[in-house]
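Everything below concerns the one structure shown next.
The values are calculated or read from the model by the stated rules, or taken from the named source; none is laboratory data. Here the structure is a predicted model, which means the values were calculated and not measured. Here the Cβ positions follow ideal geometry from the backbone for every residue, glycine too, while neighbour counts run over all protein chains shown. Note: accessible area is taken over every heavy atom of the protein model, side chains too, but ligands, DNA and RNA are not part of it. Shrake-Rupley method; radii C 1.70, N 1.55, O 1.52, S 1.80 Å.
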Amino acid sequence: MAFLKLLFRNKLAAMGAVVLAFIVVLVILTPILPLQNPDITATADRFKRPFTDGHLLGTDHLGRDLLSRLLWGTRLSLAVGVAAAVLAAFFGSAIGITAGYFGGKVDNIFMRGVDMLMAFPYILLALAIVAALGPGLMNALIAVAAVNVPFFARNIRGITVGLAGREFIDAARLAGMGHARIILTELLPNVLPVIIIAMSTTVGWMILETAGLSFLGLGSQPPQADLGSMLGEARSALISHPHTSVVPGIMIFLIVMSINLLGDGVRDALDPRLRSGALSRPLPTTLVNRKGNIPAATDDLLAIQELETQFHVGKRIYKAVGGVSLAVKPGECLGVIGESGSGKSVTALSVMGLVASPPGVITGGAVRFQGEDLVGAPYETLRQKRGDRVAYIFQDPLSTLHPLYKVGQQLAEAIQSHHRVSNAEARSRAIQLLKDVRIPNAESRVDNYPHEMSGGMRQRVGIAMSLANEPDVIIADEPTTALDVTVQAQILSLLDDLRRERGLAIIFITHDFGVVAQLCDRMAVMYAGRIVEEGPTGSVLSHPLHPYTKRLIACVPELGEGRREMAAIPGLPPVVDDLPPGCAFAPRCEKAREECRQGDITLDRSGARAVRCLYPEETL
Ligand code: ADP
Ligand code: MG
């Protein structure tokens with residue numbers, strides 16, 4: 001369905017489809033239409049003009065009805081062309097997949113054979129084959145199929161070679177699948193779209209070739225009509241009675257045009273690169289569709305205000321972030337903690353409009369940097385601030401770094417895209433940054449590719465990149481998860497120094513209470529897309545108010561505490577497209593009462609601490 005929608009978005013392809021469908025319906029109905037016998041000659045009626053009585057399209061040099069011959073001929077030409085395409089696709093793809101999958105000798109033998117076929121001029125080869133087999137429609141079909149086999153074989157082999165080395169094929173082999181099964185169940189589904197694309201773009205060409213052979217008298221034999229032989233027979237009367245050539249000529253033109261237009265459309269709609277790219281490219285910033293009031297500006301450096309971010313997938317709405325407010329002042333570090341899936345990353349990405357749209361939509365709230373609302377700000381504004389004033393450190397360093405550029409070049413680019421700096425200066429700055437994040441031998445490491453570094457080093461390069469432009473705010477999304485404890489401690493102290501020296505503000509997302517305790521002044525606890533508790537770190541850790549926070553802290557193992565029983569929280573976090581009414585944690589909470597399961601429970605900010613619970617653990 002989605003395929004048809006994509007296909008018909010292309011007007012030309014839709015036109016081609018309509019014309020082709022009309023022709024196909026006509027030729028399918030041909031046997032039951034009240035037509036005259038296409039092969040009955042009537043010498044008295046030779047060369048009747050079109051629109052004469054009884055002959056809508058006139059008659060040919062033997063007085064045969066042209067309309068009838070045209071429909072029967074089209075029927076034959078289409079059938080032969082399509083049959084040739086199917087044959088060529090079948091044998092060509094079989095050769096291509098086999099050669100590509102087995103490689104080595106098999107590949108060499110098959111492909112040299114194909115090369116030999118390709119060494120002859122196309123139509124000459126077809127003529128030679130027909131000459132050897134003798135004229136006739138069947139032989140013409142075989143000839144046309146044969147000369148098209150190399151095209152499919154080469155195409156499909158190229159795709160298969162690329163797929164054969166991939167992990168899922170290795171996995172299938174390790175699982176003990178035989179070659180035939182791997183080819184049929186793992187490879188074929190992946191190359192099938194390519195086969196269909198190749199077919200749809202060559203059918204028209206093959207119909208032309210068959211017509212060509214018939215035109216030369218090597219295809220269909222008289223009195224049987226196909227489009228090529230009709231043209232051939234009309235040749236001698238081209239000047240005196242042009243309609244005998246024009247009628248089959250127009251039909252060939254219509255068929256080939258419509259098939260090619262449709263074929264191009266099919267290719268565009270099926271090609272995965274085009275499907276994920278050109279036809280539905282993600283927007284450069286997250287889509288904004290805000291209803292309701294926009295909160296007023298505050299004097300914080302960065303303030304996330306009542307932010308709501310959702311994912312609209314089909315009819316489902318995933319409320320990943322449901323009204324989150326967080327703020328940092330210069331030099332302040334705010335920790336955000338929560339189970340996986342609680343919406344931490346989506347909150348962080350929403351700040352700079354980095355949530356992919358579609359499916360992401362910001363549906364409410366504001367994000368203010370120095371008072372300026374970034375939600376819905378023009379792309380240029382966001383682009384200038386991304387990486388320069390507000391920088392990110394992501395969890396997965398491989399998604400931050402480009403695999404084909406040296407890390408030094410990437411660091412330099414991060415600097416030069418925001419500041420006019422000479423190449424030499426950018427490079428020395430890159431080396432200094434690598435030193436800052438404690439990478440040994442920074443001078444030589446700067447010329448490494450990402451794959452030449454360990455995971456921890458790559459993560460440190462990611463951190464160096466975020467520091468490149470001396471940002472005002474760093475949003476770190478689980479930045480130290482991939483690091484060993486010694487490096488983690490160094491990175492944390494580096495960030496700590498920066499915020500003391502330069503007033504860097506940090507939003508630090510993690511699920512590590514130890515890190516929060518060490519680095520953060522304040523912390524917020526997230527659950528199912530909302531803040532459930534917020535306050536000064538020490539106070540929250542020693543006196544958690546929300547039952548969820550308390551249970552989370554109880555899950556942390558302590559060094560030297562012996563075999564303490566781990567208090568895992570039973571149940572799972574709720575799915576965000578179907579949140580329960582009331583407190584989202586109620587289903588897992590021992591203390592939940594009836595009131596907890598209904599109505600909206602607000603974040604109570606009246607005291608020194610904020611908590612979203614009707615029956616907090618303590619009253620402060
Ligand atoms: P975490 O707190 O672990 O960083 P995330 O912020 O990544 O969690 O995810 C929050 C919620 O949003 C999760 O329930 C996740 O399933 C959902 N989500 C994230 N990306 C998408 C997406 N593209 N489509 C639908 N749901 C998504
Ligand atoms: Mg995350």
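A few points about this structure:
- The chain: angle of helix 423-436 to the longest principal axis, Cα-based, in degrees nearest 10: 50
- Relative contact order [Cα under 8 Å, 6+ residues apart], the chain, whole percent: 11
- Axis of helix 137-164 versus longest Cα principal axis of the chain: the two differ by about 10°, to the nearest ten degrees.
- Probe 1.4 Å, accessible area per residue of the chain, Å²: 49
- Alpha-carbon centroids, region 489-514 and region 591-610: separation in whole Å: 31
- Local electrostatic count at residue 500 - Lys and Arg +1, Asp and Glu -1, tallied over other residues with Cβ under 12 Å: -3
- DSSP-defined beta bridges in the chain - what % are antiparallel, rounded to 5: 60
- Taking region 302-531 and dividing mean pair separation by its residue count, relative contact order in percent (alpha carbons under 8 Å, at least six apart): 32
- Shape of region 134-209, Cα gyration tensor, a/c cut at 1.5: prolate
- Accessible surface ranking that places the most exposed of 339, 209 first, with a 1.4 angstrom probe: 339, 209
- Rounded D (µm²/s) - the chain, Kirkwood Rh over Cα pairs, Stokes-Einstein at 25 °C, 0.890 mPa s: 81
- The C-alpha atoms of the chain define a longest principal axis, and helix 104-119 lies at about 40 degrees to it.
- Pairwise centroid distance, computed over Cα atoms, of region 40-117 with region 131-193, Å: 23
- Length gained on full extension, residue 417 to residue 90: 112.6 nm, using 0.36 nm per residue less the C-alpha separation.
- For region 302-531, the convex hull spanned by the alpha carbon atoms encloses 122 Å³ per residue.
- In order along region 523-538, phi translates into HN-Hα couplings of 9, 10, 10, 10, 8, 6, x, 9, 7, 9, 7, 8, x, x, 3, x Hz, rounded to whole numbers, per the Karplus curve 6.51 cos²θ - 1.76 cosθ + 1.60 with θ = phi - 60° and x for Gly and Pro.
- DSSP-loop trypsin sites (Lys or Arg not before Pro) across region 118-197, with at most 14 other Cβ within 10 angstrom: 166
- Bridge type composition, region 302-531 - antiparallel percent by DSSP, nearest 5: 50
- Among 547, 242, 7 the positive-end extreme of the charge dipole of the chain (Cβ point charges): 242
- Bridging of residue 344 to lysines at a Cα separation below 27 Å is possible for 291, 315, 319, 329, 385, 550, 591, once same-chain residues fewer than 8 apart are set aside.
- Label-point separation, residue 168 to residue 579 (7 Å along Cα→Cβ), nm: 3.5
- Loop-resident sites, region 471-565, for trypsin sites (Lys or Arg not before Pro), counting at most 15 other Cβ within 10 Å (DSSP): 563, 564
- Taking 0.36 nm per residue of separation and subtracting the Cα-Cα distance, full extension of the segment from residue 61 to residue 271 would add 70.8 nm.
- The apolar share of the surface of the chain, taken as the fraction of accessible area on carbon and sulfur atoms (1.4 Å probe, ligands and nucleic acids excluded), comes to 61 percent.
- At R0 = 60 Å, FRET efficiency that the Cβ-Cβ distance of residue 447 and residue 52 yields, to 0.05: 0.10
- Residue 555-residue 380 FRET efficiency (beta carbon distance; Förster radius 45 Å; 0.05 resolution): 0.50
- When each of the peptides 78-86, 512-520 is scored by how many other beta carbons lie within 10 Å of its residues on average, the order from highest to lowest is 78-86, 512-520.
- Region 406-562: antiparallel DSSP beta bridges as a percent of all, rounded to 5: 55
- A simple charge model with +1 on the Cβ of Lys and Arg, -1 on the Cβ of Asp and Glu and nothing else charged puts the dipole of region 302-531 at about 300 debye relative to its Cα centre.
- Label-point separation, residue 306 to residue 240 (7 Å along Cα→Cβ), nm: 8.9
- Computed from the C-beta positions of residue 541 and residue 372 and an R0 of 41 Å, the FRET efficiency is 0.75 to the nearest 0.05.
- Largest to smallest in accessible area, the residues 230, 177 fall in the order 177, 230 (1.4 Å probe, all protein chains included).
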